[in-house]
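Written out below as structure tokens is the structure these notes cover.
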Amino acid sequence: MNLKKKLDALCTSREFEKKVIEWIVGNNVLIAFFVLTFMAILIRFSARNFESGDFIGSLSPWYTHFKTHGGFAALKSPIGDYNIPYQFLIALMTYIKVKPLYLFKILSCIFDFLLAIYSGKFVYYISSERTGTSRSFKDAISNMTFVLPYGVVLLLPTVVFNSALWGQCDAIYVFFIVLSLFLVYRNSYFLSFVFLGCAFAFKLQTVFILPFFFYLYFREKKFSILFLLFLPLVDILLSIPSLCMGLRFSKLIDVYINQADAYHYVYLNYPSFWAMIGDNYDYLKFVAIIVTLIILFVGLLYVIRKKVDLKSSDNFLSLACWSVWTCVLFLPSMHERYAYLVEVLIVIWFFVEFWSKDRKNLGMVCVVACVLQLITCMQYGRYLFNNSYMNFGLTLMLHTSTYIFFSYKLFVKGLLEKEETIDEF
């Protein structure tokens with residue numbers, strides 16, 4: 001009798017185990033979504049107490065300034081060189097009874113997740129566009145075409161280091177740029193430029209993506225050049241609370257002027273092209289700007305003469321990556337954080353390429369993505385942890401040669417002209 005009960009209990013437990021396994025197998029994508037999300041939160045939580053030099057020397061004093069001068073009342077006399085909307089958020093933080101270090105990091109980490117969501121949604125949209133499947137977010141989180149890019153962006157070393165360790169806010173403006181690109185890809189031009197204006201209101205580095213919008217303008221001719229007025233207009237609208245508190249209007253302009261002229265170095269903690277030449281800022285600043293404009297103009301001529309189809313997702317994303325990377329590599333005074341945007345865009349393009357029928361460029365995109373991550377991680381380590389275990393010259397050569405290889409594939413081998421199709425995962 002006891003044996004029969006034991007056998008019945010064993011059969012029952014096996015049936016329960018079988019149902020559990022079937023549920024796990026049937027919901028593996030959804031489980032992956034929550035596991036990746038939990039891992040991302042755990043990693044960021046573990047870095048919560050790390051204080052970077054920027055936090056000690058800039059963010060913490062700025063917070064103290066707003067705290068001791070009445071919170072929002074201090075908006076009339078901004079401090080530091082960050083944009084006015086971000087300073088409004090710092091003032092808002094002073095009313096929340098949480099450790100300032102945590103507040104800065106929580107704000108940035110929130111935008112990490114928003115950035116990851118729209119990166120995954122971008123890939124999922126392109127996939128569903130080709131396959132005719134549902135484009136709703138509810139269906140997206142149960143589809144690998146969303147979950148994998150979401151997870152990779154969320155766990156990307158430079159994304160984690162930027163917010164969770166450094167306490168920097170690059171995820172904010174990059175999120176708005178990715179959202180803007182997503183909308184312009186869907187032909188929602190008005191909203192696209194509104195969110196591009198939001199990006200510009202938070203970071204001057206938004207200008208890195210402007211050459212790509214000029215490519216779209218001259219090639220597609222589907223929006224007015226006057227849409228660029230949204231950039232200063234949205235900045236003004238987001239600064240209204242500060243203006244109401246007594247901030248002088250001229251301060252909105254001064255912030256951008258001061259940022260553009262803050263660092264008198266041709267290259268700064270990042271292996272840009274000019275590190276091979278020298279660091280004579282007075283003589284090389286305008287040379288660097290002119291060289292950058294010439295390269296971008298040659299790209300524009302190619303796009304126009306070859307009639308590159310920017311409705312193609314591969315062409316759209318590859319050209320966006322190339323134009324941003326050109327700015328970062330050739331403009332003067334580039335920091336280690338300024339490649340953030342291209343590092344995220346290349347991941348989005350990688351997954352679009354991964355789920356296409358023609359994957360012949362997948363290896364090339366993977367190499368470029370890994371090189372960009374490797375280079376920036378080394379520069380982050382140098383700043384955050386005083387890591388000197390690297391050869392800057394070798395890093396510089398790797399960076400420049402990878403860019404040349406990428407440009408060769410795009411413009412000489414005609415990668416921009418190839419047609420692409422995407423399979424459903």
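The values are calculated or read from the model by the stated rules, or taken from the named source; none is laboratory data. Source: prediction; values computed, not measured. Cβ: placed from backbone, ideal geometry, glycine included. Neighbour counts: every protein chain shown. Please note that ligands, DNA and RNA were not included when accessible areas were found on the heavy atoms of the full protein model with its side chains. Shrake-Rupley method; radii C 1.70, N 1.55, O 1.52, S 1.80 Å.
Miscellaneous remarks
- The chain: most fluctuating residue of GLN168, GLN379, GLN259 per GNM, C-alpha cutoff 10 Å: GLN259
- Taking only protein heavy atoms and a 1.4 Å probe, the accessible area of the chain is 67% carbon and sulfur.
- Estimated FRET transfer efficiency when R0 is 25 angstrom, pair VAL207-SER401 (beta carbons, to 0.05): 0.45
- From the alpha carbon centroid of the range 197-255 to that of the range 317-395 is 25 Å.
- Rounded accessible area per residue of the range 12-111, 1.4 Å, Å²: 57 Å²
- DSSP H segments from the chain that extend 18 Å or more along their own axis, Cα-based, with Kyte-Doolittle mean of -0.5 or above: 2-26, 28-46, 100-131, 170-185, 189-202, 281-305, 313-330, 340-354, 362-384, 392-407
- Anisotropy class of the range 64-170 from Cα gyration tensor, a/c 1.5 cut: prolate
- Relative contact order (percent, whole number), the chain, Cα cutoff 8 Å, 6+ residue spacing: 18 percent
- In this Cβ point-charge picture (+1 for Lys and Arg, -1 for Asp and Glu), the chain has a dipole of about 760 debye about its Cα centre.
- Computed over the chain with a Gaussian network model linking Cα atoms closer than 10 Å, the most mobile of LEU293, LEU233, LEU394 is LEU394.
- Pairwise FRET efficiency - ILE290 versus LEU233, Cβ, R0 = 30 Å, nearest 0.05: 0.55
- Computed FRET value (nearest 0.05) for VAL25 with LYS311, which takes r as the C-beta separation and R₀ as 45 Å: 0.75
- About its Cα centre, the range 132-275 has a charge dipole of approximately 380 debye under the convention of +1 per Lys or Arg Cβ and -1 per Asp or Glu Cβ, with nothing else charged.
- Percent RCO, i.e. relative contact order, over the range 221-341, from Cα pairs under 8 Å lying at least 6 residues apart: 32 percent
- Close amide H contacts of MET334 (hydrogens built in the peptide plane, cut-off under 5 Å, sequence separation of 5 or more or a different chain): LEU268.
- The chain: most fluctuating residue of THR68, THR395, THR292 per GNM, C-alpha cutoff 10 Å: THR68
- Probe 1.4 Å, protein heavy atoms only - accessible area per residue of the range 149-193 in square angstrom: 20 Å²
- Cα shape, the chain, gyration tensor, a/c 1.5 rule: oblate
- Solvent-accessible heavy-atom area per residue, rounded to whole Å², over the range 212-369 at 1.4 Å: 44 Å²
- Working from Cα pairs under 8 Å separated by at least six residues, relative contact order for the range 264-317 is 22 percent.
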